[in-house]
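S.K.: Submitted below is the structure of interest, expressed as structure tokens.
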């Protein structure tokens, strides 16, 4: 029988935090359904990694242009109202998509609008999580939050893959609509989440405070270091997503209509193991460890792919790789987000996470284009080996920096 540690139960027993977590979980399922539908349809038509990269750019571009504004808004207005309003809007957008499913350009425009509105949702929920738990519970709350964030995506992709396999792409939109309706209803039960205990007399003064705070935090090396670490995780994910359809199609031998059913279970296992990885090491050591795990797994997979002798076992080795990759990335995200929440005041966390989403989207866009370009010039074994060695170098540099910077 599996038992949940008391520390995690203590966080989940906080009713308002639990409602927020369920709302985020449903939102992730809905977004995953849309993304998988877009990626699958484009790759089937083009067979190109650049086509997949284009989808990633279309998803990340709204965040790139709107997240900074969204972060500031979440530090001015009641975050509960933002969560409710965005859930309502994206539910209506998906409903409109169902009526115009045969008009490709209009569907793409509505998809862009979906992720534009969603850009205001994430800074609000990211900042709200720290308002609903005690400071000593932040580490466990962030573990649950990332398990929900990643678990919702993985579960959403997996369910979407099943729906797509049996019923086609249109069924995913019905699934998305139903899930979003549930998220909207749940968000109505959240408490008021004002970023400040007492409202400021003027939004202009609030923005001025935020600007001064941003100038301060980016002079604090520990804060901007973990800010960049958290942003880089999305770049790593975008790199992997871009080459995954082609890798599984050409190397593993699974078409894109079947590969999602194989990919997400081992990734989910890795995420769960990463969430419950709680050794009493410093944040710097765990950051170095996270990059090291991802780096070693990637290098080994690249080496194995290059050996024709083990080609019959490539499915097994890929399964191990996906699990280890999930562990390493989860360690990185939990550590970096916890440090930011501990060192950044409540009233500025919407801004800091909004800015982080902007940088994440920018890095993810570059990483996606880089991945597609590298695969067009080199084989998958070379690309994986290059990426793995890069992660190992980063791990080594961080291990040196943490001693000098004492973190």
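Only the coordinates and a few stated rules stand behind these numbers; no lab work does. Every value quoted in this text rests on a predicted model; they were computed, and no experiment measured them. Heads up, the Cβs are rebuilt from the backbone with ideal geometry, glycines too, and the neighbour counts pull from every protein chain shown.
S.K.: Please give the contour-minus-distance gain from residue 170 to residue 98: 0.36 nm per residue of separation, less the Cα-Cα distance, rounded to one decimal in nm.
M.R.: Length gained between residue 170 and residue 98: 25.1 nm.
S.K.: Given a Förster distance of 30 Å, report the FRET efficiency between residue 276 and residue 377 from their Cβ-Cβ distance, rounded to the nearest 0.05.
M.R.: After rounding to 0.05, the efficiency reads 0.15.
S.K.: While we're here: In nm, give the distance between the simple-model label positions of residue 269 and residue 189, each being 7 Å from the Cα along the Cα-to-Cβ direction.
M.R.: Once both label points are built, they end up 3.4 nm from each other.
S.K.: Between residue 15 and residue 65, what is the spin-label point distance in nm, taking each point 7 Å from the Cα along the Cα→C-beta axis?
M.R.: For residue 15 paired with residue 65, the spin-label model returns 4.3 nm.
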